[in-house]
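A short write-up of the structure that comes next.
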Amino acid sequence: MRFWKWVFAGLVCASLVLEMGSGEQARTERISGSAGDVLDDDPVGRLKVFVYELPSKYNKKILQKDPRCLNHMFAAEIYMHRFLLSSPVRTLNPEEADWFYTPVYTTCDLTPNGLPLPFKSPRMMRSAIQLISSNWPYWNRTEGADHFFVVPHDFAACFHYQEEKAIERGILPLLQRATLVQTFGQRNHVCLKEGSITVPPYAPPQKMQTHLIPEKTPRSIFVYFRGLFYDVGNDPEGGYYARGARAAVWENFKDNPLFDISTEHPTTYYEDMQRAVFCLCPLGWAPWSPRLVEAVIFGCIPVIIADDIVLPFADAIPWEEIGVFIDEKDVPNLDTILTSIPLDLILRKQRLLANPSMKQAMLFPQPAEPGDAFHQVLNGLARKLPHGPSVYLKPGQKILNWTAGPVGDLKPW
């Protein structure tokens with residue numbers, strides 16, 4: 001049985017080579033129905049955003065202290081700020097604004113290894129909210145219900161990289177009424193509240209552009225993955241990291257010739273993804289990772305292993321049509337599942353992935369371009385307008401509890 005799986009995978013790769021060379025079929029396919037229309041929406045003229053001018057200690061000085069923040073996967077908070085400062089949706093008159101944006105770089109406190117330390121983030125965010133609520137009247141009239149914040153931490157505004165502790169913390173109480181723009185998305189999870197906008201993590205567009213190879217390059221790798229399978233430092237007993245899904249990939253398929261998987265990260269990583277049919281996108285500490293962006297950009301069908309994940313711009317990108325979803329419990333059957341997918345379905349997924357609109361929506365380019373992730377965020381905000389009556393508080397009404405949350409979060413920042 002295993003022999004025939006290898007034969008099938010070989011035939012798939014060979015067929016894809018022939019398809020690439022034939023030129024008989026369209027190389028791209030438009031996204032059908034309302035999803036495609038939403039992806040092409042232009043938010044300009046549909047909303048106005050006021051950007052609070054905060055002291056530089058909340059953003060620019062933090063970045064000056066550690067410029068590595070510009071290149072890590074949490075950098076969307078920085079680039080969103082830069083984009084809005086020059087965007088045509090920005091208004092300098094707060095009285096005409098539909099939305100208010102507070103530029104706080106909460107993921108720019110990095111370890112020597114370049115990982116963000118979230119422990120000061122709640123205090124920093126509270127401090128910024130205290131500032132805008134004291135200096136402007138707009139927060140107080142809604143308690144943040146017409147404000148949005150970019151929170152690209154592992155578990156967003158729960159501000160912790162370990163799920164168990166993130167759940168224990170919950171979303172920062174002062175952000176309970178705000179709209180959160182976040183990379184974390186998982187259904188029925190305390191760290192994803194209703195109305196949040198799930199975005200892709202940052203992946204450097206220019207860097208990926210320099211690694212593009214000719215489109216007709218054969219996809220000779222059936223399944224590809226590079227990354228950790230175990231996190232011995234933070235999960236010495238195993239089983240907690242990635243809920244055991246990555247370990248199951250390694251234990252079941254490390255010797256399978258259909259699977260090109262390793263912990264090594266070669267210099268040809270981006271090129272290899274362009275030579276692969278399927279790219280594994282398993283959860284790690286959080287459900288999301290930049291692999292999802294990289295897979296879409298490089299036309300490698302994303303194999304999403306993260307139960308209940310909420311994917312970026314799900315109202316605009318037809319993830320079910322371009323990806324493959326595997327339940328975490330079914331990882332041991334991964335080879336059977338992937339070799340059972342009909343060739344015509346694989347080809348259709350690849351044609352959809354080749355659509356430039358799909359790729360553009362996953363990127364935060366500098367400068368911004370029509371249809372990119374910046375514009376998809378604005379589209380998400382525009383679709384929430386006009387604000388309903390529940391957004392505005394009655395005179396003297398208070399909903400948020402300023403003293404709620406862990407004691408450590410209440411200390412001055």
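Only one of the numbered conditions (1) without any contact (Cβ under 8 Å) to a residue 24 or more places away in the chain; (2) part of a strand (DSSP E or B) is not met by E320, and that is (2). Take the residues in the stretch 66-125 that are of a type in the set (G, A, S) and modelled with pLDDT of 95 or more; name whichever of them is surrounded by the fewest Cβ atoms within 10 Å (Cβ to Cβ). The residue in question is S86. Among the residues of the stretch 233-263, those that are under 20 Å from D330 (Cβ atoms), small (G, A, S) and either surrounded by 14 or more Cβ atoms within 10 Å (Cβ to Cβ) or at pLDDT 95 or above (or both) comprise A242, G244, A245, A247, A248. In the stretch 211-232 there is no residue that is open to solvent by less than 20 Å² (accessible area, probe 1.4 Å), among the β-branched types (V, I, T), farther than 22 Å from A373 by Cβ and assigned to a helix (DSSP H, G or I).
A quick yes/no check of all residues on (1) open to solvent by 20 Å² or more (accessible area, probe 1.4 Å); (2) out of contact with any Ser or Thr (no Cβ under 6 Å at 6 or more places or on another chain); (3) assigned to a loop (DSSP other than H, G, I, E, B):
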{"position": "G284", "(1), (2), (3)": "no, yes, yes"}
{"position": "S289", "(1), (2), (3)": "no, yes, yes"}
{"position": "I304", "(1), (2), (3)": "no, yes, no"}
{"position": "P312", "(1), (2), (3)": "no, no, yes"}
{"position": "A316", "(1), (2), (3)": "no, yes, yes"}
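Taken as a whole, the structure leaves D272 outside the set of residues that are surrounded by fewer than 22 Cβ atoms within 10 Å (Cβ to Cβ), closer than 30 Å to F159 by Cβ and charged (D, E, K, R). The residue of the stretch 358-413 that is farthest from L47 (Cα to Cα), among those that are among the polar types (S, T, N, Q) and open to solvent by 20 Å² or more (accessible area, probe 1.4 Å), is T403. The set of residues in the stretch 51-64 that are surrounded by 12 or more Cβ atoms within 10 Å (Cβ to Cβ), in a helix (DSSP H, G or I) and either among the hydroxyl-bearing types (S, T, Y) or under 25 Å from the mean Cα position of the chain (by Cα) (or both) comprises Y58, K60, I62, L63. Scanning the stretch 250-270 for any residue that is assigned to a helix (DSSP H, G or I) and of a type outside the set (F, W, Y) turns up at least one such residue.
Of all residues in the stretch 127-166, those satisfying the criterion of being in a helix (DSSP H, G or I), open to solvent by 20 Å² or more (accessible area, probe 1.4 Å) and not hydroxyl-bearing (S, T, Y) are Q130, L131, N135, N140, R141, E163, E164, K165. Among the residues making up the stretch 328-346, those that are exposed (fewer than 13 other Cβ atoms within 10 Å of the Cβ) and not in a helix (DSSP H, G or I) are S340, P342.
The values are calculated or read from the model by the stated rules, or taken from the named source; none is laboratory data. Because the structure is predicted, anything quoted here is derived from the model rather than measured. Every residue, glycine as well, gets a Cβ built from its backbone with ideal geometry; the counts of neighbours run over all protein chains shown. Calculation scope for accessible area: heavy atoms of the full protein, side chains included, ligands and nucleic acids excluded. Shrake-Rupley method; radii C 1.70, N 1.55, O 1.52, S 1.80 Å.
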